[in-house]
Amino acid sequence: TMREDGRRLLQEAAAFFQHCLQQPENAGARQYLQERGLDWPTVEKFRLGYAPDSWDALGNYAFQKGFSQELLVHTGLSVRKEGRQDCYDRFRGRLMFPICDELGRVVGFSGRALQKSDQMAKYVNSPESEFFQKGSLLYGLHLARNEFKEMGHALVCEGQMDVIACHRAGLKQAVAAQGTAFTAQHAALLKRSTPCVRLAFDGDPAGIKATLRTIDLLLAADLQVSVVMLPENEDPDSIFRTGGPEALQQMMAVAEEAVPFIYRITCQEHDPELPEGKSAIVSQTLNSISAMPDQIARTAHCQWLAARLRLPENILLDSLNSHIRKRQQAELRQDAYAAHQRA
């Protein structure tokens, strides 16, 4: 069937890119790996490869193996020119990261440029297809899933290099969303394998914003969430490269629970001593607490917040209930919209 052939083709493509990486003429790609501090066992474990800087190297190889042009386009490996029959390779002159599903089958690729340039994107990812749905794929999940139990949590980072750095430092429970923001499907995927998730996004304002958004999705999936605050302008990859495994392990060992984290971040934006500040802090923190399905947990967090801000508990509980109603209405609207789109 087309699906089985597509799966075979994706596996073959991964092997082809791995083979190309070892060829004498692609020493530049190996040099890049060395500069990024990647050793060969890591390259093999993550099946990294190289797509030659050619319009049809992969296409020709696949063709010789008996795969059709149709299938190359269907799997996202080739791009068809507008209104023409002929195709060219989507990935050219890039370091290749195979993306696997939770069973370890290659479903797509992410290709990284070897040099910074304004003309070309830093990353090119496989397009959405029946094989590759980025909203429900987590990079490294097939390697990390069995480690969740032992480590007690899943560790979610921002990028592929961060996942690789964590695994090298012995933090083999690391995964990352693939070329997209974290989704409710990602949360459901983790929930199947672990009750606890730890987030380690960059410490810059964009990273904090992404962390707050992701916390809500994870809490809504009834997961316990904690956060590692990385120093600004640092990510797991850079920490590993400068400080080695110990530095990264120490950094990831110190985590703050989600609700105290949200409270602390909002207290940096608003003054908890001012009435308006209190109101803004309560509103933002309760908005996240309202995502939790568990009533007892919600109430306990509410009591904690009331004590922190020296406010009567019943007022906060009333406010929490109105946040929950708002959230439910928003969900109903979303469901209605989705049903309308399908109709």
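Details
- A crude spin-label estimate for the pair Glu25 and Gln224, with each label 7 Å from Cα along the Cβ direction, gives 5.6 nm.
- Proximal charge balance of Gly179 [Cβ under 12 Å; K/R count +1, D/E count -1]: +1
- Estimated distance in nm for a label pair at Ser129 and Ala343, the labels positioned 7 Å out from Cα along Cα-to-Cβ: 3.5
- Among the listed pairs Lys45/Lys134; Lys45/Lys81; Lys134/Lys172, those whose Cα-Cα separation exceeds 26 Å are Lys45/Lys81.
- Largest-first principal axis extents of the Cα set of the range 13-152 (Å): 53, 34, 33
- Summed side-chain charge close to Glu44 - residues other than Glu44 whose Cβ falls under 14 Å, Lys, Arg +1, Asp, Glu -1: +3
- Computed extension length for Arg3-Leu332: 114.9 nm, one decimal, from 0.36 nm per residue of separation with the Cα-Cα distance subtracted.
- For the range 240-327, the list of trypsin sites (Lys or Arg not before Pro) that fall in a loop by DSSP and count at most 13 other C-beta atoms within 10 angstrom reads Arg310.
- Dipole of the range 185-271, positive end: most advanced residue of Gln249, Pro195, Ala210 [Cβ charges, Cα centre]: Pro195
- Across the range 309-325, the residues whose backbone nitrogen lies under 13 Å from the label position 7 Å along the beta-carbon direction of Ser283 are 323.
- When Leu274, Leu141 are compared by accessible surface with a 1.4 Å probe, the order from highest to lowest is Leu274, Leu141.
- Reachable lysines, given that their alpha-carbon falls under 20 Å from the alpha-carbon of Lys116 and they are not under 8 places away in the same chain: none
- Equivalent ellipsoid dimensions for the chain as semi-axes, Å, which come from the Cα gyration tensor, largest first: 42, 24, 17
- Over the range 231-343, the fraction of Cα-Cα pairs per 10 Å bin, rounded to whole percents and listed from the shortest bin up, is 12, 32, 22, 23, 11, 0.
- For the chain, the longest principal axis of the Cα atoms and the long axis of helix 258-269 meet at an angle of about 80 degrees.
- Cα centroid separation, the range 261-293 to the range 136-205 (Å): 27
- Basic side chains Lys and Arg get +1 at the Cβ, acidic Asp and Glu get -1 at the Cβ, and with that the dipole of the range 208-343 about its Cα centre reaches some 520 debye.
- Ignoring lysines fewer than eight residues from Lys278 along the same chain, the ones with Cα atoms less than 22 angstrom from its Cα are Lys209, Lys326.
- Of the trypsin sites (Lys or Arg not before Pro) found in the range 191-229, the ones in coil according to DSSP and having at most 12 other Cβ atoms within 10 Å of their Cβ are Arg192.
- Nearest 10 degrees, 0 to 90: helix 2-21 Cα axis against the chain principal axis: 80
- Carbon + sulfur, % of accessible area of the range 283-324 - ligands and nucleic acids excluded, 1.4 Å: 50
- The charge dipole of the chain, taken about the Cα centre with unit charges on the Cβ atoms of Lys, Arg (+1) and Asp, Glu (-1), comes to about 640 debye, rounded to the nearest 20.
- A 1.4 Å probe run over the chain, with the rest of the protein chains in place, finds 51 Å² accessible per residue.
- Tail weight of P(r) past 16 Å, computed on alpha-carbon pairs of the range 209-264, percent: 48
- Volume per residue of the convex hull around the Cα atoms, evaluated for the range 79-184, comes out as 128 Å³.
- When DSSP beta bridges are restricted to pairs lying wholly in the chain, around 65% turn out antiparallel.
The values are calculated or read from the model by the stated rules, or taken from the named source; none is laboratory data. All figures in this text were calculated on a predicted structure; none of them were measured in a lab. A quick note on method: Cβ atoms are made from the backbone with ideal geometry, for glycine too, and the neighbour counts reach across all protein chains shown. Quick note on the areas: whole protein, heavy atoms, side chains included, nothing else; ligands and nucleic acids left out. Shrake-Rupley method; radii C 1.70, N 1.55, O 1.52, S 1.80 Å.
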